[in-house]
1. Provide a single number: the residues in the range 66-98 that are more than 30 Å from Arg40 (Cα to Cα) and not aliphatic (A, V, I, L, M).
2. State whether the residues of the range 131-140 include one that is farther than 18 Å from Val177 by Cβ and surrounded by fewer than 15 Cβ atoms within 10 Å (Cβ to Cβ).
3. Go over the candidates Leu71, Leu36 one by one and state the one that is among the aliphatic types (A, V, I, L, M), touching an Asp or Glu at 6+ places or on another chain (Cβ under 7 Å) and within 30 Å of Tyr11 (Cα to Cα).
4. From the set of residues in the range 107-130 that are in a helix (DSSP H, G or I) and of a type in the set (S, T, N, Q), which is least open to solvent (accessible area, probe 1.4 Å)?
5. Yes or no: Pro98 more than 20 Å from Gln175 (Cβ to Cβ) and either of a type outside the set (S, T, N, Q) or buried (at least 17 other Cβ atoms within 10 Å of the Cβ) (or both)?
6. For Cys48, all conditions in the list (1) of a type outside the set (Ser, Thr, Tyr); (2) open to solvent by less than 50 Å² (accessible area, probe 1.4 Å); (3) in contact (Cβ under 8 Å) with a residue 60 or more places away in the chain hold save one; what is the number of the exception?
7. Which members of the range 81-108 meet the condition of being free of Cβ contacts under 8 Å to residues at least 24 places away in the same chain, charged (D, E, K, R) and touching a helix residue (DSSP H, G or I) at 6+ places or on another chain (Cβ under 8 Å)?
8. Exactly one of these conditions fails for Ala104: (1) closer than 16 Å to Ser140 by Cα; (2) in a loop (DSSP other than H, G, I, E, B); (3) modelled with pLDDT of 90 or more. Give me its number.
Amino acid sequence: QNETVTYEPHYLRKTLLKLEETSGSWLMILDNTDDLDEFRGKSEQDMCVSSFIPRRGRIIITTRDRRFQGLVAGAHDGQRVDPMDDVEAKYLLLNSVPEHLGNADSGETKSAAGELLEELGNLPLAVAQAAANIVDQHLSLTEYVSLYRDKKRRMGLLQSPVQDFQSKDPRNASQSVLVTWELSFEHLQKQNPL
């Protein structure tokens, strides 16, 4: 469904003030923040995301737009995270999953691990999140690959490109971190409907 969501600036400001008052007890993650102009607003009158970001607290911004470093965050606060090579990614995945969920010596596990890492584009955050999902949901690697592909299909991301200002890397089109987060949220909602 296409619904327009209207945000009331009053409630956003109230939330901003509350977060700034309790700066040590929360973490905000802004994932796929890939449009600096939209984030900052094109003019002073624009209602933009940056005007509602707390100035104190814990905030992680993921982006492929390198302009954020130095303009939004301090020049030394950013960390460039490149995809891991195949060996590193496989090591992280298989050492994060208990043996009963993925025996590293079995051919089926090796095949499923390879398929999953290809889907994830060897992105460290996506690999770590997928491993956490596998452990939390007690899934085998094979089951998780199937679940991941199904979720990606349901989200309509099979052929959807993303806004990417800095890279022509085709792995960016997979939205692997987004899919792993969505799987986590879906599982949490099933466990805790409220």
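1. Going residue by residue through the range 66-98, those that are more than 30 Å from Arg40 (Cα to Cα) are 84-98.
This time we only want the ones that are not aliphatic (A, V, I, L, M), so: 85-86, 88, 90-91, 95-96, 98.
Number satisfying all stated conditions: 8.
2. From the range 131-140, those farther than 18 Å from Val177 by Cβ are 138-140; that's our starting set.
From the residues that got through so far, the ones that are surrounded by fewer than 15 Cβ atoms within 10 Å (Cβ to Cβ) too are 138.
The answer is yes, given that some residue of the range 131-140 is farther than 18 Å from Val177 by Cβ and surrounded by fewer than 15 Cβ atoms within 10 Å (Cβ to Cβ).
3. Leu36
4. Within the range 107-130, the subset in a helix (DSSP H, G or I) is 107-120, 124-130.
Retained after the next criterion (residues that are of a type in the set (S, T, N, Q)): 109, 111, 129.
Working: Thr109: 16, Ser111: 59, Gln129: 32 Å².
Among those that are in a helix (DSSP H, G or I) and of a type in the set (S, T, N, Q), it is Thr109.
5. Working: more than 20 Å from Gln175 (Cβ to Cβ): yes; either of a type outside the set (S, T, N, Q) or buried (at least 17 other Cβ atoms within 10 Å of the Cβ) (or both): yes.
So Pro98 passes the test.
6. (3)
7. We begin by selecting, within the range 81-108, every residue free of Cβ contacts under 8 Å to residues at least 24 places away in the same chain; these are 82, 87, 91, 94-95, 99-100, 103-107.
Next, from what is left, pick out any that are charged (D, E, K, R): 82, 99, 105.
Of everything in the range 81-108, nothing turns out to be free of Cβ contacts under 8 Å to residues at least 24 places away in the same chain, charged (D, E, K, R) and touching a helix residue (DSSP H, G or I) at 6+ places or on another chain (Cβ under 8 Å).
8. Unmet condition: (3).
The values are calculated or read from the model by the stated rules, or taken from the named source; none is laboratory data. Treat the numbers as computed from the prediction; the structure is a model and nothing was measured. Note: ideal-geometry Cβ built from the backbone for every residue, glycine included; neighbour counts use all protein chains shown. Only protein heavy atoms, including side chains, enter the accessible area calculation; ligands, DNA and RNA are left aside. Shrake-Rupley method; radii C 1.70, N 1.55, O 1.52, S 1.80 Å.
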